[in-house]
Structure formats: structure tokens, C-alpha cells
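Chemist: The structure that follows is given in the form of C-alpha cells.
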Amino acid sequence: MPQPMTIVDAFTEKPYRGNAAAVCVLNRPREDGWMQAVAREMNLSETAFLGTRADGWTLRWFTPQAEVDLCGHATLASAHVLYEEGRLSPEAEARFHTKSGLLTARRRTGWLEMDFPATPALACEEPRTLASALGVKPLFVGQTLFDYFVEVESETAVRELRPNIAGLAGFGGRGIIVTARAATPGAQGPEPYDFVSRCFFPAVGITEDPVTGSAHCALGPYWAEKLSKQDLMGYQASVRGGFVRVRPQGDRCILGGRAVTVLRGELQDA
């Protein structure tokens, strides 16, 4: 029996922007090895696998190389598919049971809002070779639950980064989040934004992630404090680019984004 598969561009409303995720609503239970093989075949930063349960859905995320504990864009893509295919009514809450606990999503005024755990960056000693691997001097270095977190001096510095990817792979954890205050906060289009970021995750097979929802669980609390602002917009300045709304709420972060379906098909060997 063929297994349906959908590819969604997340954190964008324009096809071929944002971050692409494959979404597989499983038609029967699958082994971990099969899911990893499918993720490797899709060769996207994440492939999401959903299974039904009485109070929602199980949700797992795989890069081409490994399963991960938290992923924002593939969760957004999964919620988008459930609503678009009529598996959830427009007013219903999407409930996902994951390795990071219960995550939820709702449709609100053309956006999808997700309730995620906050993963704030705690100041730490700068690794000896970090600045040379990034090619830029950090203003702040911290660690989140998953990544190193680096603030640099300007939006231009973030956009012009050409890091030594092999050098970044040796720091442990998932990777590196690099961020700066927007050049003119709140004044840029097509969406006004408050801060910019880029994310590099070579340890899990992702040289640069186009738009990283989970990184905003650290970016949101950090910039909310620095800018004295609770409702923020982040722009991830990768080649594809994408916008993430973020609103810290204690130990949680509300992440908002748009999504668009770009491909539907079937796995023929399923």
C-alpha cells in the first residue's frame, strides 16, 4: 500500500522559500530504520512522521542523518498538512506527543501558532576556536539545551558570515545559532523584524538550516529581554529566508509562522 507524502515550505507563504519539510502521516506503524531511510531519501533538513493516538498525534523528526528531539518547521508543516487535508477542523487544536513533550498548534488569522518549550541561552565560556571558525568576533556566547548561541555586532555580520563548517562540527551538541539586532528594528519589509539569525548544524548533517523554529525558543527570550519587547519577529537570513513570530511566556515560547504545500506524492515501496 503506497504511503502518502507531502512536502511543505514552512515559515513562508511563498513556494520555494522558508524551510522545506517532508510530512508523512503514517498509514501503519513503521520501524525507526524505515523512517531514517525515508528521511535520507527525502534529503531535506527534516522529515516528520505522524501517527494517530486517542488524544492527538505522535510526532517524530528525522534529519538525513539522525532523529532530533525538537523541530519547529517540521511541526509547523505537520499542522499545516493536518488542517489542509481536513484531518483537523479549522478551529481544532493540533496536539503532538514528542520527545520534547506535548506541543500544540492552532490556526490564528492566517498564521499557525505553536506552543513550544523555551530553551534560553545561558552565558558560558567561549570555546577557544569559535571566533576563528565563525570568522567574526562574538559579543555574547551562551549555551541552550541544544546549541551554542552567539550574538555578533550587526545584521550585516550575520548576513555575510562564511563560517568554517568543519570547524563548527567539533563543539558538541546540535550546532551554532548566530544572531544580531535588526539594522533598523521594525522597519524592514516584506515583514518588519526585530532580529536576524542564521543556524549551522553540521553535527546532524545540516550545513545551514534555512529557517529554524526551535532556535527561536532561545532567540525569543534573549531578544525579549534585550529589546524590552514581548511580541517579536525574527528573520532567518539564509538563502531561502523566513519569518518567525515569537512571544516568550515564562518557560514556554509561542512560535508563529505560515506554510505552503509544494508537492504531494506517494512512496511506492511502502
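Chemist: Check Ala22 against each of (1) touching a Gly at 6+ places or on another chain (Cβ under 9 Å); (2) surrounded by 15 or more Cβ atoms within 10 Å (Cβ to Cβ); (3) within 30 Å of Glu191 (Cα to Cα); (4) among the hydrophobic types (A, V, I, L, M, F, W, C) and name the one condition it does not meet.
Modeler: Unmet for Ala22, out of (1) touching a Gly at 6+ places or on another chain (Cβ under 9 Å); (2) surrounded by 15 or more Cβ atoms within 10 Å (Cβ to Cβ); (3) within 30 Å of Glu191 (Cα to Cα); (4) among the hydrophobic types (A, V, I, L, M, F, W, C): (1).
Chemist: Tell me yes or no: at least one residue of region 61-71 is more than 20 Å from Pro210 (Cα to Cα) and open to solvent by 30 Å² or more (accessible area, probe 1.4 Å).
Modeler: Filtering region 61-71 down to residues more than 20 Å from Pro210 (Cα to Cα) leaves none.
So far as region 61-71 goes, no, none of its residues is more than 20 Å from Pro210 (Cα to Cα) and open to solvent by 30 Å² or more (accessible area, probe 1.4 Å).
Chemist: Can you name the residue in region 207-252 that is among the aromatic types (Phe, Trp, Tyr) and either under 19 Å from Val68 (Cα atoms) or over 13 Å from the mean Cα position of the chain (by Cα) (or both) and, of all such residues, is surrounded by the most Cβ atoms within 10 Å (Cβ to Cβ)?
Modeler: The extreme case among them is Trp223.
Chemist: While we're here: Go over the candidates Ala237, Ala166, Ala183 one by one and state the one that is in contact with a strand residue (DSSP E or B) (Cβ under 7 Å, 6 or more places away or on another chain) and not polar (S, T, N, Q).
Modeler: Ala237
Chemist: Right, here's the next one. In region 51-60, which residues are buried (at least 20 other Cβ atoms within 10 Å of the Cβ) and of a type in the set (A, V, I, L, M, F, W, C)?
Modeler: Correct list: Trp57, Leu59.
Chemist: Select, from Arg30, Arg60, the only residue that is closer than 26 Å to Val244 by Cβ and either of a type in the set (Lys, Arg) or out of contact with any strand residue (DSSP E or B) (no Cβ under 9 Å at 6 or more places or on another chain) (or both).
Modeler: So the residue among Arg30, Arg60 that is closer than 26 Å to Val244 by Cβ and either of a type in the set (Lys, Arg) or out of contact with any strand residue (DSSP E or B) (no Cβ under 9 Å at 6 or more places or on another chain) (or both) is Arg60.
Chemist: Look at Arg107 and say whether it is within 23 Å of Leu263 (Cα to Cα) and surrounded by 13 or more Cβ atoms within 10 Å (Cβ to Cβ). Break it down into steps so the answer makes sense when it comes.
Modeler: Values: within 23 Å of Leu263 (Cα to Cα): yes; surrounded by 13 or more Cβ atoms within 10 Å (Cβ to Cβ): yes.
For Arg107, the condition - within 23 Å of Leu263 (Cα to Cα) and surrounded by 13 or more Cβ atoms within 10 Å (Cβ to Cβ) - is met.
Chemist: So, in region 72-87, exactly how many residues are open to solvent by less than 30 Å² (accessible area, probe 1.4 Å) and either more than 28 Å from Thr207 (Cα to Cα) or polar (S, T, N, Q) (or both)?
Modeler: Residues meeting the conditions: 4.
Chemist: Can you work out which of the residues in region 253-270 that are surrounded by fewer than 17 Cβ atoms within 10 Å (Cβ to Cβ) and charged (D, E, K, R) is farthest from the chain's Cα centre (by Cα)?
Modeler: Top of the filtered list is Asp269.
Chemist: Sticking with this structure for a sec: Every residue in region 145-169 that is closer than 14 Å to Ala203 by Cβ and buried (at least 20 other Cβ atoms within 10 Å of the Cβ), please.
Modeler: Phe146, Asp147, Tyr148, Pro163, Leu168
The values are calculated or read from the model by the stated rules, or taken from the named source; none is laboratory data. Since this is a predicted model, take the numbers as computed values, not measurements. Reconstructed Cβ throughout: ideal geometry from the backbone, glycine too, with neighbour counts over all protein chains shown. Ligands, DNA and RNA are stripped out before the accessible areas are found, and what is left, the full protein with its side chains, is counted by its heavy atoms. Shrake-Rupley method; radii C 1.70, N 1.55, O 1.52, S 1.80 Å.
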